[in-house]
1. Give me a comma-separated list of calculated 3J(HN,Hα) values for the range 70-85, in order, Karplus coefficients 6.51, -1.76, 1.60 applied at θ = phi - 60°, integers in Hz, x for any Gly or Pro.
2. Where a Cα-Cα gap under 22 Å defines reach, which lysines qualify for Lys110, not counting those fewer than 8 residues away within the same chain?
3. Could you calculate the contour length gain from Arg38 to Asp203, that is, 0.36 nm times the residue separation minus the distance between their Cα atoms, to one decimal place in nm?
4. Ala224 to Gln25: FRET efficiency via 1/(1 + (r/R0)^6), r the Cβ-Cβ distance, R0 22 Å, to the nearest 0.05?
5. Under a cut-off of 19 Å between alpha-carbon atoms, report the aspartates and glutamates in cross-link reach of Lys68, not counting same-chain residues fewer than 8 places apart.
6. Counting only residues 5 or more places away or on other chains, whose amide H sits under 5 Å from the amide H of Gln49 once H atoms are built in the peptide plane?
7. For the range 1-64, which trypsin sites (Lys or Arg not before Pro) pass both filters: DSSP loop (anything but H, G, I, E, B) and at most 15 other C-beta atoms within 10 Å?
8. Go through the range 1-105 and name the chymotrypsin sites (Phe, Trp or Tyr not before Pro) that are in a DSSP coil and have 16 or fewer other Cβ atoms within 10 Å of their Cβ.
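Laboratory data are not the source of any read-out in this text; all were calculated from the coordinates shown. Nothing here was measured: the structure is a model prediction, and the numbers come from that model. All Cβ positions, glycine included, derive from the backbone under ideal geometry; neighbour counts span all protein chains shown.
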Amino acid sequence: MANKTAIEWTDATWNPVTGCTKITQGCDNCYAERFAERWRGVEDHPYEQGFDLRLWPSRLVQPSQWIKPRRIFVNSMSDLFHKHIDIRFIDLVFDTMESVDWHIYQILTKRSSLMRDYLLSRYKYHSAPDHIWCGVSVEDKTAKSRINHLRNVPVGVRFLSLEPLLGPVGAIDLEGISWVIVGGESGPHARPMEPSWVCDIRDSCRSSNVPFFFKQWGGRTPKAGGRKLEGIEYNEMPKQASVNSLIRVVNCRSATLGQFT
């Protein structure tokens, strides 16, 4: 869990799961994998196992230890809806988010159909609490089906992360979408992002009245190309962006957690 983060659209990160596997070209130069694999084999390091999938039951209580409300990016080093994560553990992650409700939780996945199916099952008769936001990654027009999956998710804030943006998205239907983030790839093998791709998305957001956040141009490092698009820095957030500052005691389900230790 990181109390601070360089990710501009969130305040902190929480990783009850680490590690993942590649499923699209957007995963090819994964920053999380690159970081984790540096530590493979280092005894007692959190990434001793590199980027292999690992569940961390001990981290489920971490959000309750932060008194000040934050926007928390859930699983910045994994994907909560990876097919090999036990659904009972996903339940525990959502139990924590529902109980520790003074934070905003931002969940981002490429496995959009699995997220849709899980949330439709968990929230059969009502939407998820407003402080749980759900989003999908879209790297180009070939991944637009994830947007349709997201549209069917019963949450108040649905967002798109078009990062790394690897090609034009084309016409994009933003009905039911609350927020759009765009960013270029960073790292030693970063693939370039064309300004016209970004401008098209920004203009679609304008015409649909959807907040637009431009994260970075990318390059060798995340900040190499700066954050301005046509001379403007875009930091727009969803209208539903407040957090509940009432602090409640988290009921940690220690008996259930024992199944995963």
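1. Result, ordered by residue: 9, 8, 10, 7, 8, 6, 5, 10, 6, 9, 4, 9, 4, 5, 9, 8 Hz.
2. Lys22, Lys83, Lys141, Lys144, Lys215
3. This chain segment gains 55.4 nm when fully extended.
4. Given R0 = 22 Å and the Cβ-Cβ separation, E is 0.55.
5. Cross-link targets: Glu8, Asp11, Glu98, Asp101, Asp130.
6. Gly41
7. Counting only loop positions with at most 15 other Cβ atoms within 10 Å, the trypsin sites (Lys or Arg not before Pro) in the range 1-64 are Lys4, Lys22, Arg38, Arg40.
8. Trp39
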